[in-house]
Amino acid sequence: MHILLPTAAFAALLLSTTTLAQQPGVHLSHASGDAGEHEGTGGMCVPAESRAGRKEGCFVIGTMSLGKLPDIGLYWHIDRYPNRAAAEKEQSARSTVVEAYGSIWMFSIADKSFLTSHGEHVDSVGPLPLGSAVSYTAWYMEATFAPGMKSAVHRHTGPEAWYVLSGEQCLETPSGKTVIGTGQSGLVPGGPPMMLTATGTGERHSLVLILGDSSLPNVLPANDWRPKGLCLSP
């Protein structure tokens with residue numbers, strides 16, 4: 001099941017971006033504010049090679065510069081392979097092979113008809129709501145959140161999409177909240193502020209795509225909006 005959140009105004013998105021670094025970094029904290037607040041990746045998405053044995057947090061597992069994208073209804077295709085060689089054999093021009101959660105994955109940005117010959121097709125998430133960027137970059141992440149862990153309030157310059165392998169997540173935006181569970185996918189267009197919380201009783205494991213404007217940071221603060229805490233209520 002795919003869930004698409006409505007587009008919000010893009011106004012003021014570009015304010016103060018010149019002072020922000022290009023390094024990905026969605027800030028995370030525990031909703032309880034207890035001693036676990038600074039565990040995981042210390043409040044940032046960090047490169048997977050910097051994991052250093054850490055289990056919880058957000059890890060960047062791959063990036064790809066895609067250039068100008070056609071406005072033809074593109075999807076994020078998620079396929080799993082038994083090994084890296086098999087995946088690399090089927091790579092297309094906009095495919096990235098990564099390792100996450102003990103499996104080899106091929107992530108492809110392509111039209112709806114895209115198919116692989118030998119991969120296990122897991123999902124196609126889309127269509128991805130693109131803006132007017134001259135060039136796009138795909139950032140791929142794996143994110144493990146303990147129940148109650150949440151992101152800081154932030155926004156992106158392009159769509160963000162998730163596929164939840166296990167657990168449950170709740171995304172709050174000015175439009176309301178959306179809950180996504182095991183085996184479900186969802187996406188939100190670039191622009192609106194958001195806060196994501198791991199809900200349910202078990203760890204949330206997800207694959208993540210941010211498809212952003214290559215000339216801008218892929219994560220921006222959203223100090224102009226305060227969430228209502230909808231994901232913390234029944």
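In segment 136-177, which strands (runs of 3 or more DSSP E) lie fully inside it and hold 1 or more residues that are in contact with a helix residue (DSSP H, G or I) (Cβ under 8 Å, 6 or more places away or on another chain)? Before you say what the answer is, go through the steps one by one.
Values: elements: 136-145, 149-151, 160-166, 168-173.
Correct list: 136-145, 149-151, 168-173.
Do we find a residue being of a type in the set (A, V, I, L, M) and surrounded by fewer than 18 Cβ atoms within 10 Å (Cβ to Cβ) anywhere in segment 99-118?
Within segment 99-118, the subset of a type in the set (A, V, I, L, M) is 100, 104, 106, 109-110, 115.
Then drop every residue that is not surrounded by fewer than 18 Cβ atoms within 10 Å (Cβ to Cβ), which leaves 115.
Checked against the condition, which is being of a type in the set (A, V, I, L, M) and surrounded by fewer than 18 Cβ atoms within 10 Å (Cβ to Cβ), segment 99-118 yields at least one hit.
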Given the structure, is ALA133 in a strand (DSSP E or B), in contact (Cβ under 8 Å) with a residue 12 or more places away in the chain, of a type outside the set (Ser, Thr, Tyr) and under 25 Å from PRO70 (Cα atoms)? no
Checking the condition surrounded by 21 or more Cβ atoms within 10 Å (Cβ to Cβ) and either in contact (Cβ under 8 Å) with a residue 24 or more places away in the chain or not hydrophobic (A, V, I, L, M, F, W, C) (or both), which residue from ARG94, ARG84, ARG54, ARG155 passes? ARG155
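Going by the conditions given, is GLY57 under 21 Å from PRO127 (Cβ atoms) and within 21 Å of the chain's Cα centre (by Cα)?
Spelling it out, it is not the case that GLY57 is under 21 Å from PRO127 (Cβ atoms) and within 21 Å of the chain's Cα centre (by Cα).
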Kindly indicate which of GLY167, GLY126, GLY212, GLY158 is more than 21 Å from CYS58 (Cα to Cα) and not polar (S, T, N, Q). GLY126
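Bear in mind these aren't lab numbers, they're just calculated from the coordinates by the rules spelled out. As the structure is a prediction and not an experimental result, all values here were calculated from the model. All Cβ positions, even for glycine, are placed from backbone atoms using ideal geometry, and neighbour counts span all protein chains on display.
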